[in-house]
Amino acid sequence: MPTAVRTAPSRTLDPRPAVVPAVVVAVDDAEPTPSADLRIAVAEARRRGASIRVVHGCATTSPAGIIGASVTDERLRYGQYVLTQAVRILRELSGFKVDIATVNSRDLGTELLLAESQSASLVVVLHTRTSLVRSMAGSTAAVVAARARCPVLVVHPGDTAEIGTGVVVAAEDPGASTALLRLAAAESVGRGASLTVVRPWPVPDDRWAAARELSRGVSSAVAEDVAHEELARAVQDLAADFPTLTVLKQLVCGSPVEVLVAASADASILVLGRPEDPSPQGELPEMAAALLSRAHCPVLVVQPTLVGSRPDTTSSPFGSTHPTPEPR
């Protein structure tokens with residue numbers, strides 16, 4: 001018995017070849033509404049020229065976090081009902097100009113999204129407040145962002161698809177994040193937005209930072225000057241590959257989370273890098289996990305080595321780096 005029921009993309013008024021892998025978005029058991037994740041999934045699909053694959057995981061967990069032993073036919077029928085309603089909303093939001101396919105699976109929603117990420121250009125996931133049990137196990141958004149095989153866009157209930165002042169990318173160590181900066185630059189060009197490269201700088205009473213500087217044999221003032229130079233060099237290196245892009249740089253004193261939360265207030269999107277080697281538990285670094293819930297805009301989590309670091313100055317690289325899935 002198959003574990004998932006899939007439908008082919010629905011025909012629309014504007015059919016297009018399946019060139020770009022789909023944007024994937026999930027729905028749960030609640031009655032679908034024109035929520036932030038569905039609206040932003042439509043905006044991202046149209047911007048990339050991609051279809052949408054909307055998915056539903058029918059497996060459930062008990063209050064103790066135990067996965068249900070079986071999925072009944074009734075659960076599958078309800079899952080198909082939820083998907084049908086979601087497709088109707090997505091069609092209306094897109095003006096019937098985006099192809100839409102569905103996946104009704106016997107798996108848990110989190111596992112389903114991770115599986116679908118292997119053939120997607122982007123996964124859009126809604127970050128909401130979780131119960132104590134789910135918080136201990138990790139929210140769906142955090143787990144998917146940490147383990148997906150494609151970029152993950154984490155959105156919040158109040159987020160919109162409107163362009164803010166531009167794209168913000170976190171650069172704690174510009175010298176080690178060249179690939180991330182180039183990916184963020186390409187994303188900015190694709191959105192027609194500016195790029196702000198933000199490097200948080202430790203507050204003066206940060207004992208850990210002070211100890212690190214002493215071990216390197218440099219003073220705080222010298223270390224800050226070096227950081228300014230590194231940031232300027234990183235931004236300058238982008239100019240050759242992205243000559244039309246407006247790039248701003250900020251070295252801001254404060255804790256990384258607080259600095260980036262403030263920077264996200266007027267941004268359209270915050271770009272965060274993900275380690276190539278995840279923790280043994282498959283979790284995001286503490287800073288990234290905090291920003292998923294506290295940022296004032298959608299958060300794009302990427303592992304540069306998964307999508308490649310070659311710059312594309314005409315469009316986002318996230319829609320063209322995965323092989324096109326076989327037609328269903």
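On the basis of being more than 27 Å from L126 (Cβ to Cβ), modelled with pLDDT of 85 or more and not assigned by TED's automatic domain parsing to the domain that holds H127, does L292 make the cut?
Working: more than 27 Å from L126 (Cβ to Cβ): no; modelled with pLDDT of 85 or more: yes; not assigned by TED's automatic domain parsing to the domain that holds H127: yes.
No.
Y81 versus (1) at pLDDT 95 or above; (2) farther than 28 Å from P298 by Cα; (3) of a type outside the set (V, I, T); (4) buried (at least 17 other Cβ atoms within 10 Å of the Cβ): which is the lone unmet condition?
(4)
Cβ-Cβ distance below 6 Å, separation of 6 or more or different chains: which pairs start in the stretch 125-154 with a residue that is closer than 17 Å to D37 by Cα and end on one that is at pLDDT below 55?
Close Cβ pairs satisfying both conditions: S139/T130; P151/F318.
For the stretch 251-275, how many residues are modelled with pLDDT under 90 and part of a strand (DSSP E or B)?
Adding up the residues that qualify gives 3.
Between A4, A18, A59, A41, which is within 30 Å of G192 (Cβ to Cβ) and modelled with pLDDT under 95?
Only one candidate qualifies: A18.
Select from the stretch 36-46 the residues that are within 15 Å of the chain's Cα centre (by Cα) and farther than 18 Å from L83 by Cβ and list them in ascending order.
The answer is A36, I40, A43, E44.
If I ask for residues that are among the small types (G, A, S) and either surrounded by 23 or more Cβ atoms within 10 Å (Cβ to Cβ) or under 14 Å from the mean Cα position of the chain (by Cα) (or both), which ones from the stretch 17-35 would you list? If you could, list the steps in order and put the result at the bottom.
Taking the stretch 17-35 as the starting set, the residues that turn out to be among the small types (G, A, S) are 18, 22, 26, 30, 35.
Within the stretch 17-35, A22, A26 meet the criteria.
The values are calculated or read from the model by the stated rules, or taken from the named source; none is laboratory data. These numbers come from a predicted model, not from an experiment. Please note: Cβ atoms are built from the backbone with ideal geometry, for glycine as well, and neighbour counts cover all protein chains shown.
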